[in-house]
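Student: Below are the structure tokens for one structure; questions will follow.
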Amino acid sequence: MVKKDVSQDTIELLKECDAGCKMAIDSMEQISRYVSDDQLKSIIKKYNDGHIKMEEDIHRLLNNLGEEDKEPNPIAKASSWVQSEVKMMINGDSKQAAYLLTDGCNMGVTSLNKYKNQYKAADGKSVAICERLCDLETSMTKELQPYL
């Protein structure tokens, strides 16, 4: 049940943020298996932990609204997994890992901004979460730059 004072836009924005967090977590965990550089591993772990925390917060908000969380699009998830797996098997160095993660962050920020603009009636709390997630992804790309 949706609370009467919560717009559908709020719920949809939270669900898209949830799916984005899950996609990012899956990608970081997949790629980190191939990373041997301890500093890069540390960066990936830091941002994976940050995404896990955000996903937990979003999940809690959705539960409080009586809503289910959202899984990433299965086709997009499978495509991303295969592409990352192949690229890391062929050339699984730190540069490739940083490139794939940076590319994912950029796609995530683009998608999140699209959804933020699409769901204009979303409440301030969900918009703030979306912006925090964008900031997290942007910060990660900055920390990955020396590896590109």
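The values are calculated or read from the model by the stated rules, or taken from the named source; none is laboratory data. Given the structure is predicted, the values throughout are model-derived calculations rather than measurements. Note that we place each Cβ from the backbone using ideal geometry, even for glycine, and neighbour counts take in every protein chain shown. Ligands, DNA and RNA are stripped out before the accessible areas are found, and what is left, the full protein with its side chains, is counted by its heavy atoms. Shrake-Rupley method; radii C 1.70, N 1.55, O 1.52, S 1.80 Å.
Student: Just give me the residues in the range 13-54 being among the aromatic types (Phe, Trp, Tyr) and at pLDDT 95 or above, in sequence order.
Tutor: Across the range 13-54, the qualifying residue is only 47.
Student: Any idea which of 87, 53, 77 is in a helix (DSSP H, G or I), open to solvent by 90 Å² or more (accessible area, probe 1.4 Å) and out of contact with any Lys or Arg (no Cβ under 7 Å at 6 or more places or on another chain)?
Tutor: 53
Student: Taking residue 66 as the residue in question, decide whether it is in contact (Cβ under 8 Å) with a residue 60 or more places away in the chain, loosely packed, with under 14 Cβ neighbours inside 10 Å and not β-branched (Val, Ile, Thr).
Tutor: yes
Student: Determine which single condition residue 10 fails, assuming it passes every other condition in (1) among the polar types (S, T, N, Q); (2) modelled with pLDDT under 95; (3) buried (at least 19 other Cβ atoms within 10 Å of the Cβ).
Tutor: Here residue 10 clears every test but (2).
Student: Further question on the same structure: Among the residues of the range 49-76 satisfying the criterion of being among the charged types (D, E, K, R) and within 12 Å of the chain's Cα centre (by Cα), which is farthest from residue 123 (Cα to Cα)?
Tutor: For the range 49-76, the residue satisfying everything is 49.
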